[in-house]
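S.K.: Before I ask anything, let me first share the structure, which is written out below as structure tokens.
The values are calculated or read from the model by the stated rules, or taken from the named source; none is laboratory data. The structure displayed is predicted, hence computed values, not measured ones. For neighbour counting, all protein chains shown are included, and Cβ atoms are generated from backbone atoms with ideal geometry for every residue, glycine included. Areas reflect the complete protein model, heavy atoms only, side chains present, ligands, DNA and RNA absent. Shrake-Rupley method; radii C 1.70, N 1.55, O 1.52, S 1.80 Å.
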Amino acid sequence: MQPTKYFSLLTGALLFAGLAHAQTVRPADATSETNPWPLCPADFSIPERPPFGPHLGDDDTELTSDEADMIDGQVSDFRGNVTLSTKTDAAAADHMRYFEQEERVELKGNVKLWDAQTYLNSETADIELATDENWFYDASYMMRETRGRGQADEIYHKPDIVTRLKRADYTTCSPTAEFWKISARELDLDYVTGRGVVKHAVLRIKNVPVFYTPYASFPIDDRRKSGFLSPSAGISSRNGFETQTPYYWNIAPQMDATFTPRVMADRGVMLMGEYRYLFEQGDGELDVEYLPSDSKSSRDYRGAVSYFHDQTYLSNRGRLSIDYNWVSDIDYFQDFGNSLAISGTRFVRQQAQTQYNGSWWRLFARVQNFQTVDSTIPGRFSPYKRLPQIRFDSRLAEYNNQFNFRFQSEAVYFTREDTSLPGTLGDVEGGRFDFMPYVSYPYRTLSAFIEPKVGVRFTQYSLNGGGGFSDNPSRTLPFFSLDSGLFFDRELSIAGKTYQQTLEPRIFYLYVPQENQDDLPVFDTNFFDFSFGQLFRLNRFSGADRFGDANQVTTAITSRLMDFEQGREIARLSVGQIFFIEDQDVGLPNQTVVKDRSSTIVAEAAASIIENWEAVGTLQWNPHENRTEKLSTRLTYNDGEGRVLNLGYRVRRDERALNRTDGFRGLANIEQTDVSFRWPINPQWGVVGRWNYALQEKKTIDTFAGVEYESCCWAVRAIARRFLVDINDEFQSGFFLQFELKGLGGTGQTTATFLEQSIRGYNPRDYQTGY
């Protein structure tokens, strides 16, 4: 929960607050093959190490030179092209003296050393062979993986362990374009801990000193370490000026925590904490925010808690998950959220659930509650608690050309605290048992299938009064369905290329007898969102409180275009419609039942025929009123090299919401356009932006524009944003800025994460390499 208007502090002080590298404790993704330094010139080049002979053993050392004076047991001199090699390390110099009794080597003249981590170059060096310790004087160094380099008066180096430098500097910039550099009296690079430490250090930008610190630390690889993260500062109309200074605690390899004081001028000091853990079969995260006293709202305290836990057990047959969220008041997200998606939150979920898969059965148990955080929602529309919910279902394999028996069962108890409307649905609570056995007989071939299914659904309630319902209402309904389809295919030639085209007609018949179900309460049931998949459901309602009557036939057809060479689907078109033989009578309270002879026509399409382009669309057309009820289209261009363009348009007219008789309609009509992009201007500069616009309201919901600059060793992103934060037309404006010194750290807001969430296909690692 970040401030809604930001002004980042771009001072050197932020870089030396003890930059911690706090990556997630969850298992890392596979290593990316993307070059992290694509914009760097080729002047960072480690010379090739001397070769070694084919018969060199793992513990052997090979020595070569042009001339040698060797005295057994004393001091030996080697001159001209001297090389000292093992299979992993190597050294070279113009002159070498070997002290056999001391197991020590002195190198002079163009001294070089290679190991797995570092390349060193100096005029003189001492090497302790017994301890593998090295001293270099008037030296320069290069680090292979992180591209770090610099110079030092003196370097102590123990391969793969540590490098200690005196009167040294450090940068990841190219020698020909040195943007930033750290100069320090002492600089330690610990390869075991992945930590760099500087003492009496000065940060220089373009050789201009910008900051001094007596001590600072920074990461030299991808491992986590304790320390202060980059601070941030901002200002918002809700909270005034505010600052955050996170401290990251790397407790253990599988455990970490972050503590953040959030100082808000208009409200006070909020304490924020995050704790994460990982173990062999699961992981979890706890987030806590606490404001002891809110000066602006005169509340005693405000806060939020979020806890997530997920794990498997009993040889991965079982799974346990906890998702608990709580806020202190209904205005919390509006005051501390940073987008309409957050500030428009209506409910927060609190649940724990477990599931176990037996050899032929599945058991699922859950307790669930929702906290309402939207004051516009009447109490009678708040969700019921499930205390508890238990499902026991069959989990048997399906066999072709055989009878297959299945069943689904559920027992759940519903309760709700709202009793604001006595004598209405708001009062009723109680238990519900639902059992649905059925048998099917699928017959499938390569070119056709047919599957009859017959079953019965029994639902029994045990209610605690209220709403005018009897104590033990029940419902028993049989059902029958017949699903069938054909599969045709042919070769199709387009522009000299051969494709496979399929034609897949499908007919689905469903019969459920009509029964008046107004004597049953509605605990967790609503209409499914209508879609192509909904054409083939047994029930048009979610939940067991209603089982929709049906005597209907669905006809649908799908055609696909398959690419033989790539082995993938490049285009698909599906169209379908339900035809009602008898009217539908079963509905929900306060909603009129639409009685048409057929449903809306549903169409879905997707195509990626042209390289880098993808088009996706869905359409729901009401033929009775000649009106589009839903339309969603998206055209995307993504070349994988940083060029991304998304064009979207969607329309939604919720007929069921418009037909409500209780005045609670929600968002019944939506018509919006959405354009987002990320486009490089040249290898260094790029632009990003988004414009989400509501056509009916004639207002912009969210818009931002920004620039990105990427060089060899530093980068900056700047974004200006204006967005809607609540339904009362309150807007916030913001400015995001992130400045990064590659290989050292970053300051400001994490704009890359924001852009990934806002621009479909955005990837900060898709560098501008297409020039």
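S.K.: Those residues that are within 25 Å of N526 (Cβ to Cβ), β-branched (V, I, T) and in contact with a Gly (Cβ under 8 Å, 6 or more places away or on another chain), I need them from segment 538-582; list them, please.
M.R.: T554, the sole residue that qualifies.
S.K.: Within segment 407-426, can you find the residues that are more than 22 Å from R366 (Cα to Cα) and either modelled with pLDDT of 95 or more or aromatic (F, W, Y) (or both)? Spell out how you get there, then give the answer.
M.R.: From segment 407-426, those more than 22 Å from R366 (Cα to Cα) are 419-426; that's our starting set.
Selection gives nothing.
S.K.: If only one of L203, L189, L165 is touching a helix residue (DSSP H, G or I) at 6+ places or on another chain (Cβ under 9 Å) and of a type in the set (A, V, I, L, M, F, W, C), which one is it? Break it down stepwise before answering.
M.R.: Details: L189 fails: touching a helix residue (DSSP H, G or I) at 6+ places or on another chain (Cβ under 9 Å); L165 fails: touching a helix residue (DSSP H, G or I) at 6+ places or on another chain (Cβ under 9 Å).
On inspection, the qualifying residue turns out to be L203.
S.K.: Please state which of the following conditions L229 fails to meet, knowing it meets all the rest: (1) within 29 Å of the chain's Cα centre (by Cα); (2) open to solvent by less than 10 Å² (accessible area, probe 1.4 Å); (3) more than 30 Å from T131 (Cα to Cα).
M.R.: The one condition L229 does not meet is (2).
S.K.: Then there is this: Could you give every pair whose Cβ atoms fall below 8 Å, whose first residue belongs to segment 248-260 and is under 13 Å from K225 (Cβ atoms) and open to solvent by 90 Å² or more (accessible area, probe 1.4 Å), and whose second residue is part of a strand (DSSP E or B) and aromatic (F, W, Y), counting only separations of at least 6 or pairs across chains?
M.R.: Partner pairs satisfying both residue conditions: W249/F259.
S.K.: Let me ask something else about it. So F403 clears everything in (1) farther than 23 Å from A352 by Cα; (2) modelled with pLDDT of 95 or more; (3) surrounded by 14 or more Cβ atoms within 10 Å (Cβ to Cβ) except one condition, right? Which one?
M.R.: (3)
S.K.: So the check is Cβ under 9 Å with 6+ separation or different chains; which pairs have a first residue in segment 221-233 that's closer than 19 Å to F739 by Cα and aliphatic (A, V, I, L, M) and a second one that's open to solvent by 40 Å² or more (accessible area, probe 1.4 Å) and at pLDDT below 70?
M.R.: L229/A22; A233/F7; A233/L9
S.K.: While we're here: Only residues that are assigned to a strand (DSSP E or B) and either closer than 12 Å to K112 by Cα or basic (K, R) (or both): list them for segment 55-94, please.
M.R.: If we filter segment 55-94 for residues that are assigned to a strand (DSSP E or B), which is where we start, we get 62-64, 67-69, 75-85, 90-94.
Answer for segment 55-94, where residues must be assigned to a strand (DSSP E or B) and either closer than 12 Å to K112 by Cα or basic (K, R) (or both): R79, N81, V82, T83, L84, S85, A90, A91, A92, A93, D94.
S.K.: While we're looking at this one, here's another question. Taking segment 95-112 only, how many residues are open to solvent by 50 Å² or more (accessible area, probe 1.4 Å) and either part of a loop (DSSP other than H, G, I, E, B) or modelled with pLDDT under 90 (or both)?
M.R.: Final tally of qualifying residues: 5.
S.K.: So, restricting to strands (runs of 3 or more DSSP E) that lie completely within segment 556-624, which ones have at least 3 residues that are surrounded by fewer than 16 Cβ atoms within 10 Å (Cβ to Cβ), free of Cβ contacts under 8 Å to residues at least 40 places away in the same chain and out of contact with any helix residue (DSSP H, G or I) (no Cβ under 8 Å at 6 or more places or on another chain)? Talk me through it step by step, then tell me what you get.
M.R.: Details: elements: 568-580, 601-607, 613-622.
It comes to 568-580.
S.K.: Given the conditions (1) at pLDDT 90 or above; (2) under 25 Å from S321 (Cα atoms); (3) open to solvent by less than 40 Å² (accessible area, probe 1.4 Å), which single one is not true for P442?
M.R.: (2)
S.K.: When segment 506-527 is examined, which residues are found to be over 22 Å from V454 (Cβ atoms) and not charged (D, E, K, R)? First the steps, then the outcome.
M.R.: To start, the set of residues in segment 506-527 that are over 22 Å from V454 (Cβ atoms) comprises 516, 518-527.
N516, L520, P521, V522, F523, T525, N526, F527 - these are the residues of segment 506-527 that are over 22 Å from V454 (Cβ atoms) and not charged (D, E, K, R).
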